[in-house]
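Comments concern the structure below.
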């Protein structure tokens, strides 16, 4: 690391005069070695503290940050995120001054005596100067995340919508698994993303619906433009990434792990969904920021998603359970903390653009800062994935005019918002979120009150007696029963057998019905459930086989009874034999010994 003397020696006479002009007694002329001697004297020993005391409070904080940084570096973006402003490296030039203005331009302040700009653009404090300053410069306060117990009533004049996602996620998980089991979710075989019909179904079925309503049909007013599906888009992807759902033709089906999840503790399944998503490569969430083009340009444009997600997950672990956090404060906390939470969205922001690639490129200075790229990725991961899984509650407004940090960019004039997630304002880490993030070992959800009452009849009919059915309750009945009217269902043997074949247990249906009927279940219903449980597993597939047709009954009888082939086949009628697939080669060889050939089918 450079020493102070080396740093000063690399400077020209004019540069030395410029940074020393703020010191009393600084020679206005003379040879370079005289200027160097004067500056070295003022920046060592007893005069050093007096020089440090010339700084204002913000400049002293900047010096403190560099003094107590392991490498003596100063990061302006981290400082600005932590303290809300940059220190003054220069006094503002006159208004009519034609030179470039900025924190490093104008008449230098005394801060230049402590922090030196390197050729690579970094800002550094010489190691020997740093060592002397450590004797009296206090250590800066650690980075702290700002939280609040209560939400502000509005955000930029708009009332906040608050969604408590923890309970919604526990309900939505059961709904999603049942919909997948019934083959009602359709996803693309190329992108794995849900189709428009599936997203409409989910918007109507998921607890509380999606975060934003669909735009009013036929309304030309641009103010009616909404963000579109968020929860409904994420859920099918989450199930696929965790290996709980797969495609069977154009329909969905549960995998063995998905069937196991049907009877597992919901919190554990939600934790698995989050952990699998963090490591998944199924989708780069930033691709959902439709306004930013060029993400699929040639070359390495976008960074890997796993490091981004891991950085945000660590930031979430800093959030206290039950306290609201402004997402902008969370972003500033991540920037101020430095390397621990640092992540990049793009390798080459020059390839990203708004409107038109040349003029709207995000490679220009000020066009790819944390507030533009990293913030949008943060908003997406929190709003579209952490919230649906119940890790965080959310408070939000319409994305329209929620943020204007992008308004000065070329090509942004006609954009109603930069991302559909711009309306997210605050998050609150839930108890479920603490469990999913590994902050606590156990999670016990509060028992949800059952408001629905059913009447289960000896005729195997189930009537709705009180209260509306939830989406989860309706799907449960649909698995085992056929609708009779809008408020009646008939337990159906074929549907029940299909459910048992698919891995469901009639004990779950019995518990479901009994919890909603004040009377014991009628004996015919108990008998029906017991019979379906037994008969649904009456048969099993022992293996694959081939059907062999013999030329006559004598040949079939010989092969079915001869000691060489009898153990490899079974008679099926007068001229047919059944041979298990794994025995086919042995049967063919033994048949040849007996004088019979079997050409390939």
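Axis angle, to the nearest 10 degrees, between helix 584-593 and the longest C-alpha principal axis of the chain: 40 degrees. Which FRET efficiency, nearest 0.05, do residue 540 and residue 446 yield, Cβ-Cβ r, R0 56 Å? Efficiency at R0 = 56 Å is approximately 0.85. Here r is the Cβ-Cβ distance between residue 463 and residue 281 and R0 is 51 Å; the resulting FRET efficiency, rounded to 0.05, is 0.55. The equivalent ellipsoid of region 545-593 has semi-axes of 15, 12, 9 Å, largest first, where each one is the square root of 5 times an eigenvalue of the Cα gyration tensor. The peptide list 540-549, 75-84, put in order of mean Cβ contacts within 10 Å with the highest first, becomes 75-84, 540-549. Stokes-Einstein diffusion for region 453-535, with the hydrodynamic radius set to the Kirkwood value over Cα pairs and evaluated at 25 °C in a medium of 0.890 mPa s, equals 194 µm²/s. Using 0.36 nm per residue and subtracting the Cα-Cα separation, the extra length available between residue 159 and residue 247 on full extension is 27.6 nm.
The label-point distance for residue 306 and residue 358, in a model that sets each label 7 Å from Cα toward Cβ, rounds to 4.1 nm.
Percent of C-alpha pairs per 10 Å bin in region 4-133, short distances first: 12, 44, 36, 8, 0. Based on alpha-carbon atoms, the Kirkwood radius and the radius of gyration of region 294-440 give Rg/Rh equal to 0.98. Here the spin labels are modelled as points 7 Å beyond Cα on the Cα-Cβ line, and at residue 10 and residue 58 they lie 2.7 nm apart. Between helix 471-480 and the chain there is an angle of about 20 degrees, using the helix long axis and the longest principal axis of the Cα atoms.
One Cα centroid belongs to region 344-367, the other to region 279-299; the line between them spans 14 Å. In the frame of its principal axes, region 479-601 has Cα extents of 72, 25, 22 Å, reported largest first.
Ranking of 485, 272 by neighbouring Cβ atoms within 10 Å, starting from the fewest: 485, 272. Convex hull volume of the Cα atoms of the chain, normalised per residue: 270 Å³.
Summary value for the chain: 11 percent relative contact order, contacts being C-alpha pairs under 8 angstrom separated by 6+ residues.
Built from the Cα atoms of region 164-323, the convex hull projects on average onto 11.7 nm², one quarter of its surface area. Once you reduce region 380-437 and region 551-589 to the center of their Cα atoms, the two points are 68 Å from each other. Taking 0.36 nm per residue of separation and subtracting the Cα-Cα distance, full extension of the segment from residue 342 to residue 46 would add 102.7 nm.
Bear in mind these aren't lab numbers, they're just calculated from the coordinates by the rules spelled out. Since we're looking at a predicted model, the values are computed, not measured. Neighbour counts are summed over all protein chains in view; Cβ atoms, including those assigned to glycine, are modelled from backbone coordinates with ideal geometry.
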